[in-house]
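Data first, discussion second: the structure below is written as structure tokens.
Read the figures in this text as sums done on the coordinates, not as results from a lab. Predicted, not measured: the structure shown is a model, and the values here were computed from it. Cβ coordinates were reconstructed from backbone atoms using ideal geometry, including for glycine residues, and neighbour counts include every protein chain displayed.
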Amino acid sequence: MIKILISAVLFFSFMNCSVSAAVIKNVDFGLQADEVVITFLPLSAGEASLIQDGSGETILINTGNASSYPELKKWLKRYKVKKINQLVITKQQKHYDSNVQRAANDYHIERIIVPAQYQAEFQTEKWKENDLFQLTNNIHVDVLHASKQKIAAMDLLFTIGEHRILYAMSSSDEVEEKFLRIPLTHVDVLKIPDFGEGTFFSNAFLKQLDTQLAVAFTKPGRSYSPRLLSNLTAQWIELYDVREGSAYSIKMSLKSYDVMKFSAK
């Protein structure tokens, strides 16, 4: 049961999903064993996503900028998170990993996963390119690309039932060409890298992905790439802008999913 006050319902829909908007107080999705929810949290600076599995497992992807940690804690409280089993860091940069040690202490994190090139003063499990992992019975992860540049980063493909989420961190032509060669197709959700800035994602690539929706986080002074916006529009891909105050939760079963927008008042 979702304990919320409905303010508006069904502002966008797809063939296999629906979207609703609500003012959030407390959220309990009442997940079945084969269901998963991924929530893109609206921090004022940086990225953080929460995965809740029907088995009771909780996974956090990134922790945002140091200044946004109080916001992260408030949102985790709204989603009734008291313990985090696994933390995945996708990039060694202040907008992604500034709160690792605080989160590890506050939420008793058992497993911290980082890119292979990541330099850390705490215990980690390092993932390298082409690794395959099973995070829970419902969630499989492929490491599609691991940066060998100065900044450690990795692009991940989450598979949940029949659904695929590309958690993209790279925006170079080289990485796009690699994904085209795989070939990477039938991606339901695309997490936009670099806060939607820079030049990346050609029409050919987006068409091959066959994506229904894209999600982008924010940071101070962020300005979207005009090319990105144009190409998303050309491919009829809906862009969800995760701004401070509104979170997007995608509840997935084996064959369908619902997208919900929650606003904190």
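For V187, the shell of other residues with beta-carbons less than 9 Å away shows a net charge of -1, using +1 for Lys and Arg and -1 for Asp and Glu.
Cβ crowding within 10 Å ranks S225, S68, S230 as S230, S225, S68, fewest other Cβ atoms first.
Normalising the average separation of contacting C-alpha pairs (under 8 angstrom, six or more residues apart) by the number of residues puts the relative contact order of the chain at 20 percent. Loop only by DSSP, 14 or fewer other Cβ within 10 Å of the Cβ. Give me the GluC sites (Glu not before Pro) in region 94-150 that pass, ordered by residue number. Listed in order of number, the matching sites are E110, E121. For H108 and S44, the difference between the fully extended length at 0.36 nm per residue and the C-alpha to C-alpha distance is 20.6 nm. How long is the gain from E174 to S202 if the chain were fully straight, where each residue apart is worth 0.36 nm and the alpha carbon distance is subtracted? Separation in residues times 0.36 nm, less the Cα-Cα distance, equals 8.9 nm. For region 98-240, the number of Lys pairs with C-alpha atoms closer than 26 Å, counting only pairs eight or more positions apart or on separate chains, is 18.
Out of the chymotrypsin sites (Phe, Trp or Tyr not before Pro) in region 77-161, which ones are loop residues according to DSSP with at most 15 other C-beta atoms within 10 Å? Write down the numbers at each step before the final one.
Numbers: sites: Y79, Y96, Y107, Y118, F122, W127, F133, F158; in loops: Y79, Y118, F122.
For chymotrypsin sites (Phe, Trp or Tyr not before Pro) across region 77-161 that sit outside H, G, I, E and B with at most 15 neighbouring Cβ atoms in 10 Å, the list reads F122.
If R₀ is 22 angstrom, what is the calculated FRET efficiency for the pair D34 and L132, using the beta carbon separation as r and rounding to 0.05?
Values: r = 20 Å, r/R0 = 0.93.
After rounding, the FRET efficiency stands at 0.60.
Considering only the Cα atoms of region 35-94, their convex hull presents on average a projected area of 3.9 nm². Counting charges near Q123 (Lys, Arg +1; Asp, Glu -1) among other residues having Cβ under 13 Å from its Cβ returns a value of -1.
The aspartates and glutamates whose alpha-carbon is closer than 12 Å to the alpha-carbon of K80, local same-chain residues fewer than 8 away aside, are D28. Projecting label points 7 angstrom from Cα along Cα→Cβ for E125 and A234 puts them 4.1 nm apart.
Determine the sum of side-chain charges near Q235: Lys and Arg each +1, Asp and Glu each -1, restricted to other residues whose C-beta is under 15 angstrom from that of Q235. Don't jump to the answer; show the numbers that get you there.
Numbers: positive: K207, R227; negative: E176, D188, D210, E238.
Around Q235, the surrounding residues sum to -2.
Considered as an equivalent ellipsoid built on the Cα gyration tensor, region 4-264 has semi-axes of 24, 23, 18 Å, the largest given first. The chymotrypsin sites (Phe, Trp or Tyr not before Pro) of region 182-265 meeting both criteria, a DSSP state outside H, G, I, E and B (loop) and at most 14 other C-beta atoms within 10 angstrom of the site's C-beta, are W236.
Can you tell me the relative contact order of region 46-141? Whole percent, Cα pairs under 8 Å, sequence separation 6 or more. RCO, region 46-141: 24 percent.
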